Amino acid sequence: MKILPTGMQAHLDGGTTTLSWCWRLTRADGQVFGFTDHDLPLTFDGTTFQPESGFTASEIRSGSDLSVDAQDAEGVLTSTTITETDILDGRWDNAAVEIWRVNWTDTSQRVLMRRGAIGQVRRGRVQFVAEMRSLAHVLNQSVGRTFQASCDAILGDARCGVNLNDPANKGSGSVVTVSGARAFTASGLAGFADGWFAMGTLSWTSGVNAGRKAEIMMHALASSTVTITLMEIPVRPLATGDAFDIFAGCDKAFETCKAKFANAANFRGFPHIPGQDTVIRIASSGDPNTGGVL
């Protein structure tokens, strides 16, 4: 149960109300934005809540169990704050959300209804609908380890221990020629072996994609020409001269961990775990699988 501020309670008890919704969104990059369904800007707690986004809210769907409560916020893709490119680029993914009920004639009379995060974003040609999930969605995250043959650590994290800033694992280069929506030839990487950066990551340091990261599908070296192919097409097109830092990749196999990084002691998988073929194979006198105890 929420205890309302005295002024807010008095306003509600008056019978005639002047209420609006306000949303404060904090993106992963630290930028804070305010939106409201009122027709004029509202300001409180150092944030100005803009009306031109065209935000409108659905009813709040909630239950008495631990299911994720949700509310949809609909907006038009004409705001200078929310653009289709930023949505496609993932800049709004999992942004923290505060939902306020505010008396627009006196913003000191307000109550925080709930906190959550941006979930699924559905896009149309001229509008978007963002799902605002309650904090209960955090309970859906997996906890614990998965028993599998491949490694479940992220290359370079504390569990892995590989230093990605080591010159042997990190390179810097720039785009020479763009040869497709997600492929380009690069300079500065001729000293690395073919495939060294495959399944690695790339961080753009200049150009329209500066500050964004991308996953690498292929790294090919042929006659001193280096070609990089990304997993996904960048939202903002690549251009000649775009600079980047690039980091070694790993396919999560034990053999790769041992041979490429000399890091077998920190391998976080179970390379000798029996596969599904062990369950379905049958006894045969012509091979070691005689039906006896393994």
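For the stretch 204-214, a tally of residues being farther than 18 Å from residue 176 by Cβ and either of a type in the set (Val, Ile, Thr) or in a strand (DSSP E or B) (or both) returns 1. Within the stretch 237-271, can you find the residues that are assigned to a loop (DSSP other than H, G, I, E, B) and in contact with a helix residue (DSSP H, G or I) (Cβ under 8 Å, 6 or more places away or on another chain)? Correct list: 248, 250, 263, 267, 269, 271.
Name the residues in the stretch 3-49 that are under 26 Å from residue 87 (Cβ atoms) and assigned to a loop (DSSP other than H, G, I, E, B), would you? Before you say what the answer is, go through the steps one by one.
In the first step, residues of the stretch 3-49 are kept if they are under 26 Å from residue 87 (Cβ atoms); the result is 20-43, 45-49.
Passing the criteria: 27, 28, 29, 30, 31, 37, 38, 39, 40, 41, 45, 46.
When you check residue 71 against the structure, is it polar (S, T, N, Q), modelled with pLDDT under 75, more than 17 Å from the chain's Cα centre (by Cα) and closer than 30 Å to residue 17 by Cα, yes or no? Here the answer is yes, as residue 71 does meet what is asked.
Those strands (runs of 3 or more DSSP E) of the stretch 79-191 in which 3 or more residues are modelled with pLDDT of 80 or more occupy 96-103, 110-123, 170-178, 183-187.
The values are calculated or read from the model by the stated rules, or taken from the named source; none is laboratory data. Treat the numbers as computed from the prediction; the structure is a model and nothing was measured. Glycine also receives a Cβ, built like all others from the backbone with ideal geometry; neighbour counts cover every protein chain displayed.
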